[in-house]
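Colleague: Handing you a structure now.
The values are calculated or read from the model by the stated rules, or taken from the named source; none is laboratory data. Everything quoted here is computed from the prediction, not taken from an experiment. Accessible surface areas use protein heavy atoms only, side chains included; no ligands, DNA or RNA. Shrake-Rupley method; radii C 1.70, N 1.55, O 1.52, S 1.80 Å.
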Amino acid sequence: MRRPATATEIVVSDTDGGGGAPNGGAAVVGGDSDGKEGSAIISATYATDHTIAGVRSLPPTLLLPLSPSPRTSPSPSPDTRTSLTVYFDDRVIWERTYVQLLLEGPSVAVTYVPISTAQMQGKLGEQPVVEQHPNGGGATALVLNAMLSEEWTVSEKMAFSRLVRRLSPAVSVFCSDERGHAGWVHATLVAYSKTTLRPYGVYTYPDATVPGMESDGRGGRDGHRGTSHAIPLGYMVGMFDDHYDARRRAHPYTTTLASQRRYAWAFPAELTGKDREPMLAAFQSWAGAPYTAGPRNATAAGAAYEAAALVLNSHGNVVLDFFRLYEASMAGAIPVIVASAADFRANFGALPELPPWVVAPDWAAALAAVRTLAADSDALNARQRAVSEWWWRVNDKVHRLVEDSVVGRKPAGI
C-alpha cells in the first residue's frame with residue numbers, strides 16, 4: 001500500500017468514493033443513501049507534527065494485467081440467432097442488469113416480456129401470459145423473484161406450476177430467496193426447465209415438491225428433471241454502467257493495481273447493525289491506512305469499490321452470502337469476510353469455483369491477514385488478479401451454460 005504522508009490530521013470531504021486521502025491517514029467519507037456530501041476528521045499520529053487539509057493528486061494510474069476469458073466467438077448474423085423470449089418478473093429489480101447480462105449473447109436474440117405476480121398466480125381479470133412464443137417458436141426463459149412466494153395459496157401455486165409447464169423454459173432464474181423458504185418454486189422450475197440458475201447456493205431444497213406434480217402424472221420436463229446451478233448474486237442495478245462488462249472484456253488491462261489504489265479498504269454502506277461495529281472498530285485501528293466508509297447511492301458505492309484495494313463484508317441479512325462480495329470482485333477489489341471454513345464452503349462451495357477472497361475466523365484475524373497482505377505489494381496484486389479472474393471466469397461459465405441451454409446444445413455444466 002502507499003506510505004502515509006506525515007500528518008496528524010487529514011480532512012476529507014467526498015461524495016462518490018473517488019476522493020479521499022491517497023497519501024494520508026485514515027479517512028472516512030460520509031454521506032447518506034442519496035450520495036449527499038459528508039465529511040469527517042479522523043486523527044492519525046505519525047512521526048512529525050505537520051497538518052495538511054484536503055488531498056493530493058494521484059500519480060498516473062498503474063494498470064493490472066488481467067486475463068479474463070472474453071467471449072471471442074464471432075457474432076452470427078441476426079437471422080441465424082436463436083430467438084429467446086424472457087418472461088421477466090417485474091419485482092426483479094436489484095439484480096436486473098446482471099441477469100440480463102447472463103441471458104444475452106451473440107447467438108441469442110432476446111425479447112423481454114414483463115410478467116406480474118398476479119399473472120403468475122393466475123388471478124382472474126389479469127391479462128394472461130402469452131403462451132405462444134411471440135418470437136416465432138424460439139426458446140423461452142423465466143426470471144422471477146421468489147420472495148413471499150411461501151405465502152401463496154394452493155390454487156396460486158398450482159397456477160404457477162401450470163404456467164411453468166406450458167412455458168417449458170430453456171432457462172429459469174430463481175432470484176431473492178435469501179431465507180430459503182421457496183423450495184416449491186425451485187422444485188417447479190427444475191421440473192419443467194432445462195436449466196435453473198439459483199443465487200444463494202447455500203440452499204439445495206432436497207425435500208421440496210412441485211404443486212400438482214402427482215396429479216398431472218408428469219415427472220418434469222420430458223419425463224425427467226432439469227439441472228440446478230448456483231450462481232453469484234450479481235450486482236445492484238445502476239452501480240455500473242450498461243457497457244461495463246463489455247468495456248472490461250474489450251480492455252482487460254484497465255484495473256488499477258490494488259497496491260496503487262486510493263484506499264486501503266472500503267465499506268460503502270450503513271455503519272451500524274449486524275456485526276458492523278466490531279468490524280469497523282478493528283479496521284479503524286489500522287493506523288495510517290486510508291479508507292472510505294458510510295452509505296451512498298449505487299453509483300458512488302461502485303466508485304468506492306474501484307478506489308479500494310480491499311472491501312469489508314459483514315454478514316448478510318440471513319446468510320453469509322451478500323451482493324457486496326460480488327460487486328467488489330467485479331470492480332477489482334478484494335473482498336474480506338469473516339467465516340469458519342465450514343460456513344464459507346457451505347455458502348459458496350456450490351458456485352462454479354470457490355472464490356479466492358480473504359477469509360478469517362474473526363475481524364482481528366482478518367485485520368492481521370490483510371495487513372500482512374498489504375505489506376507485500378506483489379502478493380496483494382496477485383490476490384487482486386486472482387479475484388478478478390475468478391469473477392470473469394465464473395460468469396463466462398454461467399453464460400456458456402445459458403447459451404447451450406437456449407440454442408439446443410447439451411449443457412456441459414459449470
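Colleague: To the nearest Å, what is the center-to-center distance of the range 350-414 and the range 144-194, using C-alpha atoms only?
Modeller: Cα centroid to Cα centroid, the span is 29 Å.
Colleague: Give the whole-number value, in cubic angstrom per residue, of the convex hull volume spanned by the C-alpha atoms of the range 240-394. Before the final figure, lay out each step's value.
Modeller: Details: hull volume 16.8 nm³, N = 155.
So the per-residue Cα hull volume is 108 Å³.
Colleague: Then there is this: Given a 1.4 angstrom probe, what's the average accessible area per residue across the range 243-359, in square angstrom? All intermediate terms of the calculation are to be shown ahead of the outcome.
Modeller: Details: 3630 Å² over 117 residues.
Heavy-atom accessible area per residue stands at 31 Å².
Colleague: Bin width 10 Å, origin at 0, all Cα-Cα pairs of the range 334-414: what percent of pairs per bin?
Modeller: 17, 36, 29, 13, 5, 0
Colleague: Return the carbon/sulfur percentage of the accessible area of the range 235-357, one whole number, probe 1.4 Å, all protein chains in place.
Modeller: On the way: 2210 of 3960 Å².
Looking at the range 235-357 in its full context, I get 56 percent from C and S.
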